[in-house]
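Scroll down for the structure; my scribbles are underneath it.
Laboratory data are not the source of any read-out in this text; all were calculated from the coordinates shown. Because the structure is predicted, anything quoted here is derived from the model rather than measured. Here the Cβ positions follow ideal geometry from the backbone for every residue, glycine too, while neighbour counts run over all protein chains shown.
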């Protein structure tokens, strides 16, 4: 069986195939193309399209000795709300579940206003269960995690630095114009709502009481936010990667 890996997929292949576009795969047993691709190192979450002789096939299609299989990467902008042959049951919207190996990315996504589940020290099975139950896209640097059969929508984050990871996700899903900055709690992901100063004044530090009058409070954990210098720094970061109208 001949398998052609297009785009950046060839960099995910395990040795000795890493970096090769064309792989000759010896079929020793009956297996689905999904199992074959993952045996070579590429998580199914990274595949956007599969074809044999120009005909699109699903992950469940059996590999055949005389086939030439073309494996294509995800093609930006990825629309997870539209059904495809590989993922016939689309998601209702764009929400994320983030593995702890890209935890700072979770903070940046929340900062940009995207619904992002993240918990320190959650186990892999628990994280997958959340992603499946809440129909979220799983973001990780763990190829084995993304090979789990329960994971339908996921992405292997390539970049190392958090801001570049944010740019990577923004480009992949085409969400530059969907930022809602500082509308979510950075601590718990809850939505923020305006709150009167008099309602929370007992919770404020003396200098905060003196210099600030505009506040937002998390509907989930109750954390209070105000437009200090930290807000300006966050908006500077978001301005590099998104188009948006800042909140007052």
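At-a-glance table
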{"read-out": "Ordering of 29-38, 124-133, 164-173 by packing [mean C-beta count within 10 Å, highest first]", "value": "164-173, 29-38, 124-133"}
{"read-out": "Spherically averaged projected area of region 192-239 from its Cα convex hull (nm²)", "value": "3.7 nm²"}
{"read-out": "Correct choice for percent of Cα pairs over 30 Å apart that was computed from the model, options (1) 17; (2) 42; (3) 37", "value": "(3)"}
{"read-out": "DSSP beta bridge pairing in the chain, given as percent antiparallel to the nearest 5", "value": "60 percent"}
{"read-out": "Spatial separation of Cα centroids for region 170-235 and region 17-54, in angstrom", "value": "46 Å"}
{"read-out": "With 5 Å bins from 0: P(r) over region 96-178, alpha-carbon pairs, percent", "value": "3, 16, 30, 27, 17, 6, 1"}
{"read-out": "Two-decimal log10 I(q)/I(0) for region 2-73, as the Debye equation yields it once each C-alpha is a single scatterer, q = 0.12, 0.15, 0.23 Å⁻¹", "value": "-0.25, -0.40, -1.02"}
{"read-out": "Residues 81, 95, sorted so that the one with the fewest Cβ neighbours within 10 Å comes first", "value": "81, 95"}
